[in-house]
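*Asks:* Encoded as structure tokens, here's the structure I'll be asking about.
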Amino acid sequence: MASPDQFPLRAADKLRYGDTDRQGHVNNAVFATFLETGRVELLYNDALADDGAAFVIARLELDFLAEVNWPGDVEIGTAVLDVGRSSFKLFQKVFQDGRAVAQAVTVIVQMNESTRKSQPLSEHARKRLQELTGPALST
């Protein structure tokens with residue numbers, strides 16, 4: 001995907017001076033926060049988790065494509081790659097000034113908060129996630 005508007009979900013984050021490291025660019029750990037901003041838009045605004053359940057990250061693959069520099073903003077595009085029984089996979093891309101700076105694939109599992117075991121997704125969640133499946137995504 002070449003631009004944020006090609007993703008079914010988009011979010012933005014403002015860069016903070018404190019995000020920078022001694023090399024003068026945004027620290028690599030902050031990239032995970034960018035991805036979180038994009039995930040939260042989906043997970044909580046759409047109320048996908050069942051009562052008594054929560055979403056946890058089971059896997060995160062993050063590729064750094066370019067430096068991010070302060071000051072400025074980043075845009076985060078998010079699409080669903082796959083929906084399983086109790087989990088789903090997201091593809092996200094982070095952009096600064098229209099240029100791709102990172103991309104990630106994240107596996108998220110719905111977990112029952114009492115048993116701490118995976119719990120099947122509801123029909124509502126499955127339907128909403130399938131609506132957000134992007135076109136053939138090139139990673």
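The values are calculated or read from the model by the stated rules, or taken from the named source; none is laboratory data. The model shown is predicted, which means the values in this text are computed figures rather than measured ones. Glycine also receives a Cβ, built like all others from the backbone with ideal geometry; neighbour counts cover every protein chain displayed.
*Asks:* Just to confirm my filter: which strands (runs of 3 or more DSSP E) fall fully inside segment 1-85 and include at least 3 residues that are under 14 Å from the mean Cα position of the chain (by Cα) and crowded, with 17+ Cβ neighbours inside 10 Å?
*Replies:* Numbers: elements: 9-14, 53-64, 73-83.
Correct list: 9-14, 73-83.
*Asks:* Pairs, please: C-beta under 9 Å, at least 6 apart or cross-chain, first residue closer than 19 Å to Gln103 by Cβ and of a type in the set (A, V, I, L, M, F, W, C) and in segment 122-139, second modelled with pLDDT under 90 and in a loop (DSSP other than H, G, I, E, B)?
*Replies:* Once the first residue is closer than 19 Å to Gln103 by Cβ and of a type in the set (A, V, I, L, M, F, W, C) and sits in segment 122-139, its partners that are modelled with pLDDT under 90 and in a loop (DSSP other than H, G, I, E, B) give Leu132/Asp46; Leu137/Met1.
*Asks:* Can you tell me which residue within segment 80-133, out of those that are among the hydrophobic types (A, V, I, L, M, F, W, C) and closer than 18 Å to Gly52 by Cβ, is modelled with the lowest pLDDT?
*Replies:* Per the stated criteria, the residue is Ala125.
*Asks:* Which of the residues spanning segment 93-120 are surrounded by fewer than 17 Cβ atoms within 10 Å (Cβ to Cβ), in contact with a strand residue (DSSP E or B) (Cβ under 8 Å, 6 or more places away or on another chain) and either on the phi > 0 side of the Ramachandran plot or polar (S, T, N, Q) (or both)? Walk me through it before giving the result.
*Replies:* Step one: filter segment 93-120 for residues surrounded by fewer than 17 Cβ atoms within 10 Å (Cβ to Cβ), giving 97-99, 112-117, 120.
Imposing the further condition that a residue be in contact with a strand residue (DSSP E or B) (Cβ under 8 Å, 6 or more places away or on another chain) reduces the set to 112-113, 117, 120.
Residue satisfying the conditions is Asn112 alone.
*Asks:* On to the next question. Cβ-Cβ below 7 Å, separation at least six or inter-chain, first residue in segment 69-80 and touching a residue at least 24 places away in the same chain (Cβ under 8 Å) and more than 15 Å from Ile108 (Cβ to Cβ), second of a type in the set (A, V, I, L, M, F, W, C) and part of a loop (DSSP other than H, G, I, E, B): which pairs?
*Replies:* Trp70/Leu15; Pro71/Leu15; Gly72/Leu15; Asp73/Leu15; Val74/Leu15; Val74/Val68; Gly77/Met1; Gly77/Phe7
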